[in-house]
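Just so you know, all these numbers are worked out from the coordinates, no wet-lab data involved. As the structure is a prediction and not an experimental result, all values here were calculated from the model. A quick note on method: Cβ atoms are made from the backbone with ideal geometry, for glycine too, and the neighbour counts reach across all protein chains shown.
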Amino acid sequence: MLKFIKSLSAAALLSVMTFSSAQASENGIVFKTADWQHTGLFGTYDREAAQRGLQVYREVCAGCHSLRHVAFRTLQDLGFTEDEVKAIAAESTFPDLDSDGEVIERAGKPFDKFPNPFANERAARASNGGAFPPDLSLMVKARPGFENYLYSLMIGYEETPEGIDLAEGMSYNAYFSSHQIAMPAPLSDEAVEYSDGTTASVEQMAKDVTVFLAWTAEPKLEQRKNMGLKVILFLLILAGLFYAVKRKIWAELH
């Protein structure tokens, strides 16, 4: 039985390694990788990185991309205090009705979700040369290993190589499938001034906002992993008990 367990473990490990390698590239493009603290069986979110990523999103990405599935109050799970969440929410405005039924603008509250930068899809396309900036709430869940793709995409803007003609309004990106992308380079060194003093290089900002978007896509990841570990431990103990009972019963029969 021990030999079987070892063989099964080796096969599982080989499958994970093969799957990870497959996710590290696409169409012959090998993505950059980073040390993602939240991946793996025991992974947890790097909350300092996620808080910096929120700052990058708000100062760089929020002008085009929405987070329509994320409520301000959930930021407390990243370590923000209740007062900090209220202050962050209050920086946005939302339409509401006064006592007379007139439309007014009010400051955001913790129960509100991040506002959409555009009134509708048509307005979004008109402001982005016909391209529609996708919502980022669940972007990292688009496929396994999407963190590496997103990180690579944000640091992959380069000068257009000789012999390549870009369509009007397109930028060259080494990690985009066609290498032509409608979104201009969103990041530049020191584009934000991190409140914790971290140097805001393109690579650092790309990694931080990726961690933040990984959290928005799966905020309950840590709870899910904890529950999974408890279930596995319970099943191992139960299997051990069944095996011990089986040996005792068959020993008495023989």
Exercise for the section: Might you check whether a residue that is assigned to a helix (DSSP H, G or I) and surrounded by 11 or more Cβ atoms within 10 Å (Cβ to Cβ) occurs anywhere in the range 90-99? Expected result: yes
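When you scan the range 143-152, do you find a residue that is over 22 Å from G63 (Cα atoms) and not in a loop (DSSP other than H, G, I, E, B), even just one? Outline the logic, then answer.
Pass one, the range 143-152, residues over 22 Å from G63 (Cα atoms): 143-146, 148.
Retained after the next criterion (residues that are not in a loop (DSSP other than H, G, I, E, B)): 146, 148.
Scanning the range 143-152, I find at least one residue that is over 22 Å from G63 (Cα atoms) and not in a loop (DSSP other than H, G, I, E, B), so the answer is yes.
Taking the range 149-180 as the search range and keeping residues that are in contact (Cβ under 8 Å) with a residue 12 or more places away in the chain and small (G, A, S), which one is surrounded by the most Cβ atoms within 10 Å (Cβ to Cβ)?
First pass over the range 149-180, keeping only residues in contact (Cβ under 8 Å) with a residue 12 or more places away in the chain: 149-160, 164, 166-167, 169-177, 179-180.
After this cut, where a residue has to be small (G, A, S) as well, the list is 152, 156, 167, 169, 171, 174, 177.
Numbers: S152: 23, G156: 21, A167: 8, G169: 12, S171: 17, A174: 14, S177: 12.
If we take residues in the range 149-180 being in contact (Cβ under 8 Å) with a residue 12 or more places away in the chain and small (G, A, S), then S152 is surrounded by the most Cβ atoms within 10 Å (Cβ to Cβ).
Results for (1) part of a loop (DSSP other than H, G, I, E, B); (2) basic (K, R); (3) in contact with a Ser or Thr (Cβ under 7 Å, 6 or more places away or on another chain), shown as yes or no for each residue.
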site	(1), (2), (3)
D77	no, no, no
E105	no, no, yes
P115	yes, no, yes
R125	no, yes, no
A131	yes, no, no
S137	yes, no, yes
Practice task
Scan the range 126-148 and give yes if some residue there is over 20 Å from the mean Cα position of the chain (by Cα), more than 23 Å from E203 (Cβ to Cβ) and of a type in the set (D, E, K, R), otherwise no.
Solution key: no
Practice task
Within the range 67-113, track down each residue that is polar (S, T, N, Q) and more than 26 Å from D196 (Cβ to Cβ).
Solution key: T93, S99
Practice task
Would you be able to tell me the number of residues in the range 50-60 that are surrounded by 23 or more Cβ atoms within 10 Å (Cβ to Cβ) and over 15 Å from P219 (Cβ atoms)?
Solution key: 2
